[in-house]
Amino acid sequence: MSRKITEKVTWVGKIDWELKKFHGNELSTHRGSSYNSYLIRDKKTVLIDTVWKPFADEFVRNLKKEIDLNEIDYIVINHGEIDHSGALVELMREIPDTPIYCTANAVKSLKGHYHHDWNFVEVKTGDTLDIGESKLIFIEARMLHWPDSMFTYMTGENILFSNDAFGQHYASEQLFNDQVKQDELYYEAMKYYANILTPFSGFVTKKIKEVMDMGLPIDIICTSHGIIWRDNPLQIVNKYLEWADNYQENQITIIYDTMWNGTRRMAEAIAEGIRSSDDAVVVKLYNASKYDKNDIITEVFKSKAVLVGSPTINRGISFSISGILEMIKGLGFKNKKAAAFGAYGWSGEGVKVINEELKDAGFEVIDDGLRALWNPDEQALQQCGEFGQRFVRSL
Ligand code: FEO
């Protein structure tokens, strides 16, 4: 059901408590999500974004309770991905001639998804739309996170409709940032940034600077997922600037997989070595075959260094380590150090393979790595401890 954001702006989205996976199986969403759509009533009536396709019927049905659809003068689609544009087919069946304001790239993505030649109005940064007392200002936000993304700013109410940027996959019956648990909110915001926006950090910094230079006062940031930032909304903007600047905490993350516990015992001995040498550094261990991959990525995002371990399997590495290294490579982390380790029984190529993958992913590999034959004995575990000490000292 709808919720008032301000006198002129009403939330008409969908809270999806059931969502556990997003983008197919690419992203875990333990706390669900929401697809935020907004109805602006000024002299003109504007709908900003819609909801994900499975909720299209429900969305249009609810919207009809809120307003006669024929009263909608304009639709703004800030981004063509189907979690925001997914109700357009249903909606445009009812109001087929309504102009859809979006970027030129969004025309491509919307046509690509839906194969309809709707009444598109292409907009660029600085273009405006008078809607009565307020004005909408469009700001292209290329690569935040798609080439078609844009922000829409509403004067008078001083609202930035930021679409995916500043969002979180976080279902909450409370819509505003001051109403939810801050640790949950910030974990989800960081996970979102780490898993989706990391590759575009350069664009993030530039775009935020550009928006700040426009001198637009921002009282509320209406995201397209999760809660709305109304209490000190610039806090998340400043966080994004921090996260975009090769963010790291005093943390080392050890990611491993294990067949017969040899590599796990190595991981634990390495962690003990690190702790004995530097007990201020946070050390975390994750078995990649058991732990959620996107939560591991969030830990990598926070880390100044990672250690990656796998047993040698068929002259290569385990499926789960291969997968997480592929994700890490795609995200393009910068300014992080790394080393590899692993147990082996016969040929022992695992460490070499991980080293290559880490270098390919842009990590500075600061050690040749450590192998242990069969299940590590006391001497091998002592070497693991020393390896951990050496690693942390060389950071
Ligand atoms: Fe929330 Fe890029 O869609």
Could you go through region 62-75 in sequence order and give the Karplus-derived ³J(HN,Hα) for each residue, using 6.51 cos²θ - 1.76 cosθ + 1.60 with θ = phi - 60°, rounded to whole Hz, and x for Gly and Pro? 5, 5, 5, 6, 7, 7, 5, 4, 5, 7, 6, 7, 9, 10
Fully extended contour minus Cα-Cα distance, from K124 to L234, at 0.36 nm per residue: 37.2 nm
Here the tail fraction of P(r) beyond 20 Å, over all Cα-Cα pairs of region 261-369, rounds in percent to 35 percent
Among H169, H113, H23, rank each residue by its count of other Cβ atoms within 10 Å, from fewest to most, as a rough exposure measure. H23, H113, H169
If each DSSP helix of 4+ residues adds -39,500 (n - 2.57) and the sum is divided by the residues in the chain, what number results at 222 nm, nearest 500 deg cm²/dmol? -10500 deg cm²/dmol
Dipole of the chain [Lys/Arg +1, Asp/Glu -1 at C-beta], most positive-end residue of L197, G323, L395: L395
Could you sort out which of K302/K334; K207/K336; K20/K53; K108/K191 sit more than 22 Å apart by Cα distance in this structure? K207/K336; K108/K191
Considering only DSSP beta bridges with both partners in the chain, what is the antiparallel share in %, to the nearest 5? 45 percent
As an exercise, find the ratio Rg/Rh for the chain from alpha-carbon atoms, using the Kirkwood inverse-distance average for Rh. 1.06
So what's region 2-161 giving for Rg/Rh, alpha carbon basis, Kirkwood Rh from the mean inverse pair distance? 0.94
Using +1 on the beta carbon of Lys and Arg, -1 on that of Asp and Glu, and nothing else charged, what's the dipole of region 252-394 about the Cα centre, debye to 20? 280 debye
Along Cα→Cβ, 7 Å out, is where each label goes; now give me the distance between the ones at N250 and D68 in nm to one decimal. 6.5 nm
Loop only by DSSP, 14 or fewer other Cβ within 10 Å of the Cβ. Give me the GluC sites (Glu not before Pro) in region 92-161 that pass, ordered by residue number. E133
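Bear in mind that the values in this text are calculations on the coordinates, not laboratory data. Note that the structure is predicted; figures quoted are calculated from it, not measured. Cβ coordinates were reconstructed from backbone atoms using ideal geometry, including for glycine residues, and neighbour counts include every protein chain displayed.
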